[in-house]
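Participant: Dumping the structure here so I can ask a few things about it.
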Amino acid sequence: MKEWLLLAIIGCSLSLIIFIYNFVIISRGSDLEIIFCDVGQGDATLIQKGYTQLLVDFGPDEKVIECLRQKMPAYDSVIELAILSHPDLDHFGGFTTIASQYEIKLLAMTVSEKKTDVFKAFKASIVAQSIPVFFMQDQICFPVFDSGELCNIWHSTQDILQKELTILPAETLLSALNRVNYVCNEDCNDLSLVTYFKYDKIDLLLTGDIGEKTTQALLDQGMIKDVDILKVPHHGAKLPLFDEMLDNAIPEISIISCGANNRYNHPHPDIISSLESRSGKIFRTDLQGTISFSTDGVNLWQTY
């Protein structure tokens, strides 16, 4: 077992209980909002209720701040939980700007990393702001807001890593981050966290940038189930088994987060064709900008 895991396991249960009580369960506001920020070619999903926020991914650059300022309540400068799905720039690039303008109570992230200067700067900003880190691993669920649940249902490194909850206080963070050595120098997509969020009767599946390998594993293990909202993997890139994913997810709403006229030509025409035949409504940030929904836990409606 890795040395940093030994340091972190002591007291992790108590830390998680304190986090759940102080930062997640106590939330104000009648309706929950689910917001897919227009960050160009990248991902950033804001889920909030009243003055409590959960932010999944941070976009490629500072553009995410526009969405946060527009959608978060005035004078609210705290994000209770931030989650990084995987170490690609289009998912973490906006973090340093966010951390300089908002207090982040807890950062949950994958244990994989890239040995690049921009990812080193990301780690340095975590340490500079003394942000506690929670390394998410497979099959972890905890309560969120007043009647919700957040689950990490997959991490592709789960066969190599110790399956234990890991929370690190900020003072041990620098050495711990430098010892996280599951490095993906090229393609990190299949190392994405896959996050399932449920609020009463409304559910959402956030798929990061998963590819064929992880999609197949999720299908084989029956982890893709009927959801109200699906965040389409990898900005709508061509994905084998996508039809099978849709047949299991049966989403009423599908979201594609991508940049206008992006160099990857996302979304792929095959993905759009599959969505048109198997999904309900299709929303795209490149065409519609930031996309927002509200829910009371039973009904779900678009907001502007």
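Participant: Using Cβ counts within 10 Å as a stand-in for footprinting exposure, how do Tyr304, Tyr102 rank, fewest first?
Facilitator: On the way: Tyr304 5, Tyr102 19.
If I rank by nearby Cβ atoms, fewest first, I get Tyr304, Tyr102.
Participant: Ranking Cys141, Cys188, Cys37 by Cβ neighbours within 10 Å, fewest first, what do you get? Let's see the in-between values first.
Facilitator: Values: Cys141 12, Cys188 22, Cys37 29.
Fewest-to-most ranking of Cys141, Cys188, Cys37: Cys141, Cys188, Cys37.
Participant: Report, please, the projected area of the stretch 73-136 averaged over directions, based on the convex hull of its C-alpha atoms, in nm². Working shown, then result.
Facilitator: Numbers: hull surface 17.1 nm².
For the stretch 73-136, averaging the hull's shadow over all directions gives 4.3 nm².
Participant: Return the lysines within reach of Lys120: Cα separation strictly under 27 angstrom, same-chain partners fewer than 8 residues apart disregarded; answer none if there are no such residues.
Facilitator: Lys2, Lys63, Lys105, Lys163
Participant: Then there's this: Which FRET efficiency value, to the nearest 0.05, do you get for Gln302 and Ser147 by plugging their Cβ-Cβ distance into 1/(1 + (r/R0)^6) with R0 = 22 Å? Could the numbers behind the result be given before it?
Facilitator: Numbers: r = 22 Å, r/R0 = 0.98.
So, using R0 = 22 Å, E works out to roughly 0.55.
Participant: When Glu66, Glu80, Glu33, Glu276 are ordered from fewest to most other Cβ atoms inside 10 Å of their Cβ, what list results?
Facilitator: Numbers: Glu66 14, Glu80 22, Glu33 18, Glu276 10.
Fewest-to-most ranking of Glu66, Glu80, Glu33, Glu276: Glu276, Glu66, Glu33, Glu80.
Participant: Add +1 for every Lys or Arg and -1 for every Asp or Glu among the other residues with Cβ under 13 Å from the Cβ of Ile255, and state the total.
Facilitator: Working: positive: Lys231, Lys281, Arg284; negative: Asp38, Asp43, Asp57, Asp228, Glu252, Asp286.
Around Ile255, the charge tally is -3.
Participant: Please list, or write none, the lysines whose alpha carbon is within less than 16 Å of the alpha carbon of Lys281, excluding same-chain residues fewer than 8 places away.
Facilitator: Reachable lysines: Lys231.
Participant: Once amide H atoms are placed 1.01 Å from N in the peptide plane, what residues at a sequence separation of 5 or more from Gln41, or on another chain, have their amide H within under 5 Å of its amide H?
Facilitator: Under 5 Å from the amide H of Gln41 lie the amide H atoms of Gly259, each far enough along the sequence or on another chain.
Participant: When we measure straight from the Cα of Lys238, which aspartates and glutamates land under 12 angstrom away, once same-chain ones fewer than 8 places off are left out?
Facilitator: The qualifying aspartates and glutamates are Asp209, Glu212, Asp270.
Participant: Mind listing which trypsin sites (Lys or Arg not before Pro) in the stretch 216-304 are in a DSSP loop and have 10 or fewer other Cβ atoms within 10 Å? Could the numbers behind the result be given before it?
Facilitator: Details: sites: Lys225, Lys231, Lys238, Arg263, Arg278, Lys281, Arg284; in loops: Lys225, Lys238, Arg263.
Passing both the DSSP loop test and the Cβ count: Arg263.
Since every read-out is calculated from the coordinates, none of them should be taken as a lab result. All values derive from a computational prediction rather than experimental measurement. Please note: Cβ atoms are built from the backbone with ideal geometry, for glycine as well, and neighbour counts cover all protein chains shown.
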